[in-house]
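Structure, as structure tokens:
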Amino acid sequence: MMLRGLGVILLALQGLVMWLMAGSVWFPVTCVALATVGIFVRRPYSIRQERAILFSLLFALLVLLRWWVETASLTHEYGRLFGLAYACAQYFVMLQVAAYFVAVGSDRRTSLTPMLPLFGIIALVCAGNIPGTYRQLILYQLVSLVYVLATALYFNQCQLRPSVRLAGGRWIRGVVLTLVLVMVLGVGTGVNVLVSQFGTHIDRWFSAWAGNTEVRAVGFSTYGTLNSISEFRSYEGNKIALRVIADQPPHYLRGVAFSTYGQGIWYPTGESKQLLPEEDVPEVVSSIPRDWEAFTVRDLQLGDDAVIQEVRSQTRVDGVLFGGLNTAWMITDSLYLEQDTNDVVQTRIEDISPHHFNVLGESIGPEPLTDAEFELNTTVPAHMDPRLEMLANALFEDATTTDEKIRIVEEFLSTNYEYSLDVTLPFQGEPLSHFVFEQFPAHCELFASAAAILLRLGGVPTRYVNGFLVTEGSPYGRYWIARNRDAHAWVEAFDPKNGWVVVEATPPAGVPQAASVSRLSYFWDYVKFQFEEIAEAFRQSVTDGLIATVSVGAALIIQFFTTTMPGWFLGIVLIVVVVWWQFRFRIVRYFEPVTHSPWDAYRQHLETMDQRLVQYDLKRAPSETLHSFAKRVECAPDLDGWGKQAAEWYRRYAKRRYAEPPTQESVKALHDTMPPEPSESE
């Protein structure tokens, strides 16, 4: 019963990690509940080892198949790699739960084995590879240390009998076992760090291995293909992607932006710069009730009534932090942010935070672009269809300002073309030329790309942007909802008078609008949102409180033991107690009187008789039985009557030794009937 209870504690620690890193609640709760029920299962179902291995492999194949199907469309919120890590963690947790109900082999008294904590370690390592915030990773490491201690207790309760005994006994074995567990978890933490840093590259390798060799991404990734947003919108269109708490509709929230185009793909350009937390922050920023880091995004003017947006992402997409074009500050749970040349802000993949704040500002006045920025954002590919340049010249023939050119392009594309998500891009040739001159129905990515290129041909700097258009408000809360179908592509153009402005060239049918949802659905979403608010507040308080408590407590303990006389005295006492506790059995055994069992007394009497006969050149051979030796002693010419007495004693010894269990009375009888040596009898 004790062993099974410790197993449930180990499962609960793994479930805590899965909740912290992946937000999973029902799966770990269900597993812990089943294991708790399994505590009271006295005789689990028994199967042969061969079948157990076969069923485990089949179950692993089913888990892999489920992971592969879920990530086939590349829309899984953790990507292929992190989805696989979570699936592996689930698999090893379910194996542990199964151990409560199924016993491998003929022994049905217990189904738990020493492999149970090792499965748990693998599950912890896999769950630790899921991206998390800095505080989540700290708490993950603390839970892992608690798991090491619980595993040591589990192994001690198992009463393992190692085949190789170490010289130091149980204490040395415990130290070695603890070191091995710490090394395993250390390797797991190292793997976690490596996967966090190189996860994107490994994820691309998975995609290439799956047969997808082209540069392809869904939604918001390093590259912007002309089908990524449409696929994102088509996959579970009603699924909520963002919730934004704000007084006004957020409208266009940028996720990624690109400046270089070629053959149907938008590429990132330039190196990202690192943003460090600001110590001196405006009053409106410091008023946000979060002990998080604040970062300057753009140099904009902040008023007392600056708009604050609280963005809660329901999907994790490579560290993207969604914000409007006029975002001045961002407040996040990350240690630092990265900002590219298009003012898009992202966080490191291992510091992904699905929750952040945007503080909006007002432009003091547009700063003119540098020559390098102007050239970058007006460059078109050399191989571009010359008919596009002819079209641009015709469209802008009478336009004199940037604003006029923007309105011309918006009207031309939105009125002469139709919108559709069902688009098949040509395998060869330039997709934009095919779209513009064939005039087939297209999605927002083609409209935005065509507008960006046409404006560039007209001398207007542009950049291509992917994000969400958020206009749907919840009637049951002061927040706005962005669903998958609200993902959108648009253009930002630089106007010398107004700075960067949004260009919307997609027809009205393709511009995301507020969804028509029943009030019951809104109410249910509001209930779920409030539950998530409570869960996050609890998780934040647990994380912050535990870290603060551990830090302050450790500092106070170290200070007490190193700077005070009572601390020194108590430290010496603790050291003495620990040493005594570890070596108490050896000390007690050293002072205990030596006791012998009846078997030891039998052996001593036999050795005594053997030694007496050796001096008469009668030595019992190792393979010689007691009765054979007795006959030889009886026939010895030099022993006379004493030899017959000795032979009779050997026969009596053999009878008592092998016919009945030894007792103190039989030992005394053997001692009393032992014939004295001839010299003693004389």
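The values are calculated or read from the model by the stated rules, or taken from the named source; none is laboratory data. Here the structure is a predicted model, which means the values were calculated and not measured. Here the Cβ positions follow ideal geometry from the backbone for every residue, glycine too, while neighbour counts run over all protein chains shown. Accessible surface is based on the protein model in full, side chains and every heavy atom, while ligands, DNA and RNA are left aside. Shrake-Rupley method; radii C 1.70, N 1.55, O 1.52, S 1.80 Å.
For the reader, a short list of remarks on this structure follows.
- Amide hydrogen proximity for residue 355: with H placed 1.01 Å from N in the peptide plane, the residues at 5 or more positions away or on another chain lying under 5 Å are 313.
- Candidate aspartates and glutamates - alpha carbon under 12 Å from residue 631, same-chain residues fewer than 8 apart omitted: 648
- Net lengthening on full extension, residue 57/residue 390 (0.36 nm per residue, minus Cα-Cα): 113.6 nm
- In straight-distance terms, cross-link reach from residue 497 covers every one of the lysines whose alpha-carbon lies under 28 Å from its own, apart from those fewer than eight places away in the same chain; here that gives 273, 405.
- Against the compact-protein benchmark of 2.2 N^0.38 Å, the Cα-based radius of gyration of segment 235-289 scales to 1.74.
- Rounded, prolate or oblate (a/c below 1.5 giving rounded, otherwise prolate when a/b exceeds b/c) for segment 613-672 by Cα gyration tensor: prolate
- For segment 623-659, the list of chymotrypsin sites (Phe, Trp or Tyr not before Pro) that fall in a loop by DSSP and count at most 12 other C-beta atoms within 10 angstrom is empty.
- The mean sequence distance of close C-alpha pairs (under 8 Å, at least 6 residues apart), as a share of the length of segment 363-500, puts its relative contact order at 28 percent.
- Straight Cα distances below 21 angstrom link residue 528 to the lysines 239, with same-chain residues fewer than 8 positions distant left out.
- The accessible-area ordering, largest first, of the residues 665, 373 stands as 665, 373, per a 1.4 angstrom probe.
- Candidate residues 356, 251: accessible-area rank, largest first, probe 1.4 Å: 251, 356
- Loop chymotrypsin sites (Phe, Trp or Tyr not before Pro), segment 236-341, which have at most 14 other Cβ atoms in a 10 Å radius of their Cβ (DSSP): 336
- Accessible area ranking (1.4 Å probe, heavy atoms, ligands and nucleic acids excluded), largest first, for 122, 572: 572, 122.
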